[in-house]
Each structure stands twice: as C-alpha cells, then as structure tokens.
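Data block below; observations after.
No lab work stands behind these numbers, since they all come straight from the coordinates. Just so we're clear, the structure is a prediction, and the values are computed from it rather than from any experiment. Every residue, glycine as well, gets a Cβ built from its backbone with ideal geometry; the counts of neighbours run over all protein chains shown.
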Amino acid sequence: MDTGKQKILIVFYSLGGSLAKVAKEIAKGAKEVEGTEVEIKRVKELVADEVFEKNPRMKRDKEMLEKEFEEAAVEDLIEADGVAIGTPVHFGSFASQIKQYLDQLSPVWLEGKLVNKPVSVFCASGSLHGGEEVALFSLLSPLINFGMIPVGIPYPIQGEGPEFDAGSPFGVVYVTGHGKNRKEFSESDKKVARILGNRLATMTKIIKCGCDSCKVCRSMAQLPSSASAKRGAH
C-alpha cells in the first residue's frame with residue numbers, strides 16, 4: 001500500500017452553483033499537501049424535473065453542474081481517506097439532498113467503515129445570520145455518529161480583519177446575498193476555503209499514517225484494553 005498518498009472526496013449539493021466555487025477552493029487547499037488526490041462530486045437532485053422546466057435559469061445551472069461533476073455514490077465515501085461535505089442552508093439546517101445521500105449509509109455505519117475518517121463541512125446562505133452555523137452543526141451530527149473526526153478552522157489560523165467574516169470555526173461559510181445584492185465570491189472566502197482544504201488533507205495524512213505505519217487505527221476504534229477488562233468484570 002502507498003502510505004504517501006491520500007484521497008480527499010469533496011461532495012456537495014448546490015442549486016445554482018455557489019457551493020461548486022467553494023468546493024474548488026477547498027480542493028486547491030487540499031492539493032497543497034503532498035500526495036493528496038482530490039475528487040469533487042455532487043449528490044443526486046431530488047427536485048422534480050417539472051420545476052426546472054418552468055425555470056430556464058435553474059435548468060441551465062442544473063445542466064452545467066451535471067456536466068461538470070459526476071454524481072457521488074456511497075462507494076466514493078467509503079474509498080476516500082478524508083471527506084468534505086457542502087450544503088446550502090435550508091431553514092437553518094442542511095439540504096434534503098444531502099440528507100438523502102447520508103441516509104443510505106446505515107449498512108456502512110453498522111460496519112464501521114467511516115470510523116476515524118476526517119471530515120469537514122461547508123455551506124452557503126443567502127443572508128448573514130441565516131442559520132449558517134446551525135446548518136453546519138446539524139450536518140456534523142450524523143457524521144459524528146458515523147465515527148468521523150471533524151476538522152474545522154480555528155480563528156488564529158484564519159488571519160485578521162475581513163477573513164473573520166468569511167468563515168466559521170466549524171467550517172466554511174459563504175454568504176451569497178440575493179438578487180441585486182448578490183455578493184461576489186471574495187478573496188477572503190477563497191482563502192478560508194483553501195485553509196479548510198489544507199487542514200483536512202493534513203489531518204487525513206496524519207490519521208492515514210497512523211493506520212498504515214503507526215498501527216494505531218484499530219485502537220482508536222475500540223475501547224482501551226483496561227476499560228474492556230473492567231467492563232468484562234461486571
């Protein structure tokens with residue numbers, strides 16, 4: 001096995017493409033870590049085709065995303081060494097399309113195939129204070145249940161000034177705005193996304209080294225021997 005390589009999967013749902021921009025910057029940051037391969041994929045759309053037929057702009061955006069990014073499968077998540085998951089903010093939570101993707105993972109969860117996989121989250125919202133951090137937290141909940149290891153962006157690493165407004169300790173936050181007030185994907189947004197990608201790839205490299213070389217991966221997924229002995233004594 002090549003212990004110098006690690007594979008990062010970035011999977012997202014986006015109706016208009018905002019999160020595709022974030023995903024690409026996260027990928028750039030991840031690729032800064034030597035030996036990192038990155039795939040960006042989208043989850044399946046659940047909105048009925050009739051809705052897109054009635055809205056040419058939405059249909060165009062959907063077709064562009066489908067052309068550029070392959071649809072993610074459960075196997076992609078299993079095969080990846082580290083994962084980043086992106087969602088729009090829907091009423092203070094994450095999108096149903098992401099939920100549907102994760103809801104397929106019960107067999108994977110039962111077999112512990114996601115245990116100790118580093119994971120990061122990112123989101124886009126139309127307005128500031130529109131529930132971004134709540135959405136990130138809600139997305140982290142099932143991922144922690146899977147045994148994955150969250151990787152965020154501590155404030156000291158983000159920098160000073162405007163960079164603080166471009167992210168969160170819990171993940172990347174891109175506030176897009178609406179209509180005439182739509183905001184550009186700024187350099188600060190890009191910087192924070194790259195930081196997250198770099199941290200995710202770095203943690204993935206550390207964890208993967210632990211599994212392949214240091215032989216600690218199994219112990220991370222089990223009770224310490226002393227705790228197992230005490231439990232068996234009851």
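Observations
- Ratio of Rg to Rh over region 1-149 (Cα coordinates, Kirkwood Rh, two decimals): 0.97
- The simple Förster model, with R0 at 22 Å and r as the Cβ-Cβ distance, assigns S96 and E50 a FRET efficiency of 0.80.
- Förster-model FRET efficiency, 35 Å R0, S186 and E71, C-beta, rounded to 0.05: 0.75
- For I149, distant residues with modelled amide H under 5 Å away: N116, K117, V119
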